[in-house]
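Here the structure is laid out as structure tokens; the discussion comes afterwards.
The values are calculated or read from the model by the stated rules, or taken from the named source; none is laboratory data. None of these values were measured; they are calculated from a predicted model. Cβ atoms come from the backbone with ideal geometry, glycine included; neighbour counts cover every protein chain shown. Calculation scope for accessible area: heavy atoms of the full protein, side chains included, ligands and nucleic acids excluded. Shrake-Rupley method; radii C 1.70, N 1.55, O 1.52, S 1.80 Å.
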Amino acid sequence: MDALLEIGVEIENIRKAWNTAYEFQQWNLLEEALSALALFYEMRSWFLEGEEMFNKASNAIETAGNSQFAEELLKRSLKLQDAQGDKYELALLYNNLGNVAFTLGDTRSAFDHHEKSLELRESLGDAWTIATSLSNLGVLEARQGHHERARELFEASLEHRRAIEDRFGIATSLNNLGVIASELREYRRVSSH
């Protein structure tokens, strides 16, 4: 408990140090602080702050090419967010974990995370995020050579995007369908997409 009190007294300095390490991309410093800081946030029930801090850092770290550390941060964020029960944020975390798993070559985990994200998003009824999850799963299926299943997912995504008049999303879905038709040498379909 003394350690909790000491960290609590120094939390502003810790936040500043974390943000500075983040700003200057000193990922090794973030990694060193991760376990202790995650435990502190969990014990203090400061779930939202911890989730926000770890999720922001994981996105930057993944972009910088350190996917394993990004995955660790996302898992910490997931644990903190799970205690909050915010389905929207949980779906976003599962989506990001799916993207990182795919980057790391763990296709099974990528599918599992994206399917969990879709399940949560469907329970929320948010057409835009449902379409995004369907599209992500379609990409995974296409990369596995399962073009018919990918087409089904891209068509479902397109349906959601049309329902909300998401013009950029519609264009993306049509492009994805065109790529699948091209892969299957269905050239008449390509021209219709």
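Here are some notes:
- Computed from label points 7 Å out along Cα-Cβ, the spacing between residue 16 and residue 128 is 3.7 nm.
- Projecting label points 7 angstrom from Cα along Cα→Cβ for residue 188 and residue 104 puts them 4.6 nm apart.
- Solvent-accessible area of residue 121 with every protein chain in place, 1.4 Å probe, in Å² to the nearest 10: 20 Å²
- Taking 0.36 nm per residue of sequence separation and removing the Cα-Cα distance, the residue 159/residue 86 pair yields an extension gain of 23.7 nm.
- The calculated FRET efficiency for residue 48 paired with residue 143, based on their beta-carbon distance and R0 = 45 Å, is about 0.85.
- Normalised size of segment 73-193, defined as Cα radius of gyration per 2.2 N^0.38 Å with N residues, equals 1.10.
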